[in-house]
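Working notes, structure below.
The values are calculated or read from the model by the stated rules, or taken from the named source; none is laboratory data. Here the structure is a predicted model, which means the values were calculated and not measured. When we count neighbours, we look across all protein chains shown, and the Cβ atoms used for this are built from the backbone with ideal geometry, even at glycine. Remember, those area values only see protein heavy atoms, side chains included, never the ligands or the DNA or RNA. Shrake-Rupley method; radii C 1.70, N 1.55, O 1.52, S 1.80 Å.
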Amino acid sequence: MSLNLLIGGAAGQGIDTTAAMFEKLLKRAGYFVFTSKDFMSRVRGGHNFTLIRFGSNPITSHSYHLDALIALNEETILLHQDQLSDQGVILCDSSLDSHDWRTIRIDMQKIAAELGNPRVAGSVAVGAMLGLFGLDLTHIQSILPSFVKEPSVKANLNAVEAGFKAVKKHFDSEPGQFSQWMTVSGNQALALGALAAGMRFYSAYPMSPSTSILEYLADKSNLCGVVVEQAEDEIAAVNMAIGASFAGVRSMTGTSGGGFCLMAEALGLAGMTEVPLVIVVAQRPGPATGLPTRTEQGDLKFVISAAQGEFPRMVIALRDHQDAYDQTIRAFDIAGRYRIPVILLSDQFLADASSTIEPFKVAMPDVRQDDPALDDSQLPAESEYLSYRLTGDGISPRLFPGNPDHFVAADSDEHDETGVITESAEVRRQMTDKRMRKLEKLKKELQEPELIGAETGKNLLIGWGSMRGPLCEAIALLNEEQPGTYGALVFGDVFPLPVNRVQKLAKTAKRIINVEQNATGQLAGLVREYTGIQCQASILKYDGRQLTGEEIAAKIKEGFK
């Protein structure tokens, strides 16, 4: 069982700080915590809220079924009180107007003023939340210094204690055994994976929802020995990363769909020059500026086909926080071994959501800390190094520029094995075939989609990326009523598309339903293209808000009886 609360108000009212403090207190107390954010593209005003869901067992996604509503303004009450359970509570300042019988008013502003600092009202709310959920003040002293400066610690501590005393315990909850685990956002997990993979150069231009990767890596750059460059635009960012990679440094760049549009030509450059490159595309609704702070899965087919011409690439959709860490490490390994660009697809929901997670392993036994390069001893003394040597698997041995004995060439034009420009029809054919042979080898190490629920269920749901969490909950809800009837496949590798498991399960499924955060069912289109398998129905959402497990289950019950 889990409890779910919403903290809502206008931008500038301290929602993020209040939520982050409470989230940390819950985790220290031993709870598993999953937090998601819904915010508008403005610095002040509007309506923003944070959902905090916690319990004694792992939680995979968010829910709009609320147990508590912490309202920093009246708009929050009006918009969300219908989502509140009958046993729930609305916690707000006495100055707010609420006629709901579940409302608990506290003089937060008055208490803060009496403590001599009107800005500690948020800490009063944190104390009241601790009291409502039956938590104690054990960890507050150790946590406060990470949120407020030293001169204000005592005032905030007094505010928490005052809020705690102002309410009575309302909920019963049992903490789990997660106090020694960590809490990270999706973008932080990705950044930590890049550091663990040996990345030494990151360049980006700020664009939500990828910006926090840049911020996190910049904060850790001196500690980890990483060069982090905020470029003047996305074109510069991707070309910097290509240059650093060509020189022998593991490199990455990150952006959203709009920025990736500007990177498309350079993506082709990486493909032609066979320079390893990792690109993060954190999706948001488009086209154009779209909804800058919302979520969507609208860029799948775009990233698969971006840049003119044909060349091998890999696209990996990140499914959750652990996957973001693991697949980022894998992306660097594949990019380096195959000399191809690898695109990591995330989205605003996963990027900004935070989750309790078992501490990551800093190093994995099979992870290289550098890209494979040819040792001079492997070349005969009289041999000429060929940057694009024709090989059976399409992967040419690699030297880094600056080698005193061998010249390392690269060019954006079609070239021969040495890297010299050519217009020979025969060489063009050979080089295209060489590059494309990488895909045949890559297909042998693709990861099949994760199976959730029944393997032989009558109903098979398919999704990708961050739909994993909601699909986990939906399958659990559906199989509670009809055990063994529902299963789901969640794709992480999406290009090249692994097809074995979906082909196997499609043979026994009577109904295949694709669940995606876009308007056209892009994954369903890929599955149909590569396997001939047709989905009989779709659950598609493209309003910028992530589907929940309850929504998916409800739609299936209503529409597919």
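Figures for the structure shown
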item	result
Number of positions in the range 485-506 that are surrounded by fewer than 22 Cβ atoms within 10 Å (Cβ to Cβ), assigned to a loop (DSSP other than H, G, I, E, B) and at pLDDT 95 or above	4
Test: residue in the range 142-150 that is in contact (Cβ under 8 Å) with a residue 12 or more places away in the chain and among the acidic types (Asp, Glu)	no
Any pair with Cβ under 7 angstrom, 6 or more apart, that starts in the range 107-125 at a residue that is without any contact (Cβ under 8 Å) to a residue 12 or more places away in the chain and ends at one that is surrounded by fewer than 24 Cβ atoms within 10 Å (Cβ to Cβ)	PRO118/GLN109
Tally, over the range 137-172, of residues that are touching a Leu at 6+ places or on another chain (Cβ under 7 Å), open to solvent by 40 Å² or more (accessible area, probe 1.4 Å) and of a type in the set (Phe, Trp, Tyr)	1
Condition met for GLN482 (surrounded by fewer than 22 Cβ atoms within 10 Å (Cβ to Cβ) and either free of Cβ contacts under 8 Å to residues at least 24 places away in the same chain or within 20 Å of the chain's Cα centre (by Cα) (or both))	yes
Filter result (in contact (Cβ under 8 Å) with a residue 24 or more places away in the chain, outside any loop (DSSP other than H, G, I, E, B) and open to solvent by 20 Å² or more (accessible area, probe 1.4 Å)) within the range 198-224	PHE201, SER212, TYR216, LYS220, CYS224
Test set (1) at pLDDT 95 or above; (2) assigned to a loop (DSSP other than H, G, I, E, B); (3) surrounded by fewer than 17 Cβ atoms within 10 Å (Cβ to Cβ); (4) not β-branched (Val, Ile, Thr) - GLU529 fails condition number	(2)
Selection status of LYS441, over 25 Å from the mean Cα position of the chain (by Cα) and surrounded by fewer than 16 Cβ atoms within 10 Å (Cβ to Cβ)	yes
Close pairs (8 angstrom Cβ cut-off, 6 or more residues apart or separate chains): closer than 12 Å to VAL499 by Cα and of a type outside the set (Val, Ile, Thr) in the range 443-457, open to solvent by 50 Å² or more (accessible area, probe 1.4 Å) and not in a loop (DSSP other than H, G, I, E, B) anywhere	GLU448/ASN500; GLU448/ARG501; PRO449/ARG501
Residue in the range 124-141 that is touching a Pro at 6+ places or on another chain (Cβ under 9 Å) and in a helix (DSSP H, G or I) present	no
The lone exception for ILE90 - which of (1) touching a residue at least 60 places away in the same chain (Cβ under 8 Å); (2) closer than 25 Å to GLU550 by Cβ it fails	(1)
Scan of the range 159-197 for residues that are of a type in the set (D, E, K, R) and part of a helix (DSSP H, G or I), ordered by number	GLU161, LYS165
One residue from GLY14, GLY8 being of a type outside the set (D, E, K, R) and either under 16 Å from SER355 (Cα atoms) or open to solvent by 10 Å² or more (accessible area, probe 1.4 Å) (or both)	GLY14
Test: residue in the range 225-244 that is over 22 Å from ARG42 (Cα atoms), among the polar types (S, T, N, Q) and open to solvent by less than 20 Å² (accessible area, probe 1.4 Å)	no
Number of positions in the range 399-453 that are of a type in the set (Gly, Ala, Ser) and in contact with a strand residue (DSSP E or B) (Cβ under 7 Å, 6 or more places away or on another chain)	1
First in the range 535-561 and touching a residue at least 40 places away in the same chain (Cβ under 8 Å), second anywhere and open to solvent by 80 Å² or more (accessible area, probe 1.4 Å) and part of a loop (DSSP other than H, G, I, E, B), Cβ under 7 Å, 6 or more apart	GLU550/HIS65
Subset of the range 37-77 that is surrounded by fewer than 20 Cβ atoms within 10 Å (Cβ to Cβ) and among the hydrophobic types (A, V, I, L, M, F, W, C) - its residue that is modelled with the lowest pLDDT	VAL43
Hey, VAL120 over 21 Å from GLY134 (Cβ atoms), open to solvent by 30 Å² or more (accessible area, probe 1.4 Å) and either modelled with pLDDT under 90 or outside any loop (DSSP other than H, G, I, E, B) (or both) or not	no
Residue match in the range 512-526 (condition: over 29 Å from MET436 (Cα atoms), part of a loop (DSSP other than H, G, I, E, B), of a type outside the set (Lys, Arg) and open to solvent by less than 20 Å² (accessible area, probe 1.4 Å))	yes
Condition met for ALA112 (farther than 28 Å from GLY30 by Cβ and either touching a Leu at 6+ places or on another chain (Cβ under 9 Å) or aliphatic (A, V, I, L, M) (or both))	yes
Candidate set from the range 19-36 (those that are surrounded by fewer than 22 Cβ atoms within 10 Å (Cβ to Cβ) and of a type outside the set (A, V, I, L, M)); member that is farthest from ALA554 (Cα to Cα)	ARG28
Members of the range 1-54 that are closer than 15 Å to ASN73 by Cβ and among the basic types (Lys, Arg)	ARG42, ARG44
Subset of the range 418-443 (residues that are of a type in the set (Gly, Ala, Ser) and not in a helix (DSSP H, G or I))	GLY419, SER424
